[in-house]
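Working notes for the structure below.
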Amino acid sequence: MSEISIKAEPRTEFGKGAARRIRRAAKVPAVLYGHGEDPVHISLPGHDLMLALKNPNALLSIALDGGSELALAKQVQRDPIKGFIEHADLILVRRGEKVTVDIQVVVEGSVESDAMVVTETGVISVEAEATHLPESVTVSVDGMTAGAQIHASDLHLPEGTALITDPEILVVNIVSAPTADELDAELAEAEADAGIERDEADVDEAVGDSVGAEADAEGDGDGSDQA
């Protein structure tokens with residue numbers, strides 16, 4: 001992924017009141033740290049940061065005081081209701097430096113009709129150069145049958161990317177698709193766990209009423225035709 005440039009401003013005021021003022025100005029308070037350097041307190045344009053962080057493992061080029069620093073988002077705090085970014089911790093990285101990040105596992109393709117896909121592990125950890133971080137890894141299940149499995153060691157990672165997650169971790173499991181009877185049994189078990197009781201007599205009565213209503217409707221139709 002290419003670098004995403006964001007212009008930062010130094011932050012000299014601290015505390016909840018200062019943070020609220022920064023947010024009211026559509027900016028985000030943030031901290032830039034790493035490599036043994038003292039933390040640098042900055043504010044970033046909220047909209048630009050939000051767009052940048054929509055990219056997994058976004059590499060940020062932070063412009064500050066005439067220079068620039070490369071950084072990755074280490075921790076991002078969001079409003080639990082509205083979702084906007086309230087604060088960001090950014091960690092400094094250097095070109096050529098290897099870092100460990102988490103990436104999504106994307107499953108594509110269709111299994112056989114009597115099988116279904118269960119994603120056991122949706123995220124894996126990898127190590128790669130900070131300037132060449134993968135966004136995700138794709139695995140195909142096309143044509144697979146029940147019983148097939150894909151482990152972390154089976155994933156094809158981009159060149160220069162090393163697997164950190166345990167290679168034996170099960171990532172994708174292809175299992176037999178449940179039958180109608182099995183689904184009904186699972187539903188009944190879930191209802192029982194929730195304290196919902198099935199009344200089979202009511203079910204049969206409802207079915208009978210429905211059939212009777214249909215028969216009456218057909219009979220009425222015949223009578224009107226004869227009149």
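The values are calculated or read from the model by the stated rules, or taken from the named source; none is laboratory data. Keep in mind that this is a model prediction, so the values were computed, not measured. As a convention, Cβ positions derive from the backbone with ideal geometry for all residues, glycine included, and neighbour counts pool all protein chains shown.
Mind listing whichever residues of the range 5-53 are over 18 Å from residue 84 (Cα atoms), of a type in the set (A, V, I, L, M) and more than 30 Å from the chain's Cα centre (by Cα)? The one that is over 18 Å from residue 84 (Cα atoms), of a type in the set (A, V, I, L, M) and more than 30 Å from the chain's Cα centre (by Cα): 40.
Every condition in (1) out of contact with any strand residue (DSSP E or B) (no Cβ under 9 Å at 6 or more places or on another chain); (2) farther than 22 Å from residue 129 by Cβ is met by residue 36 except one, and the failing one is (2). Is it fair to say residue 168 is acidic (Asp, Glu), loosely packed, with under 11 Cβ neighbours inside 10 Å and part of a loop (DSSP other than H, G, I, E, B)? Against the criterion (acidic (Asp, Glu), loosely packed, with under 11 Cβ neighbours inside 10 Å and part of a loop (DSSP other than H, G, I, E, B)), residue 168 qualifies.
Listed by position, the strands (runs of 3 or more DSSP E) inside the range 106-155 whose residues that are among the small types (Gly, Ala, Ser), under 15 Å from residue 170 (Cα atoms) and touching a residue at least 24 places away in the same chain (Cβ under 8 Å) number at least 2 form an empty set.
State all residues of the range 82-105 that are outside any strand (DSSP E or B) and small (Gly, Ala, Ser); if no residue qualifies, say none.
From the range 82-105, those outside any strand (DSSP E or B) are 82-84, 94-97; that's our starting set.
Once the filter is applied, which keeps residues that are outside any strand (DSSP E or B) and small (Gly, Ala, Ser), the range 82-105 yields 83, 96.
For the range 174-185, the count of residues that are polar (S, T, N, Q) and at pLDDT below 95 is at least one.
Yes or no: the range 136-158 includes at least one residue that is of a type in the set (A, V, I, L, M) and exposed (fewer than 12 other Cβ atoms within 10 Å of the Cβ). Let's see the steps before the verdict.
Taking the range 136-158 first, the residues of a type in the set (A, V, I, L, M) are 137, 139, 141, 144, 146, 148, 150, 152, 155, 157.
Those still in the list that are exposed (fewer than 12 other Cβ atoms within 10 Å of the Cβ) too: none.
For the range 136-158, residues of a type in the set (A, V, I, L, M) and exposed (fewer than 12 other Cβ atoms within 10 Å of the Cβ): absent.
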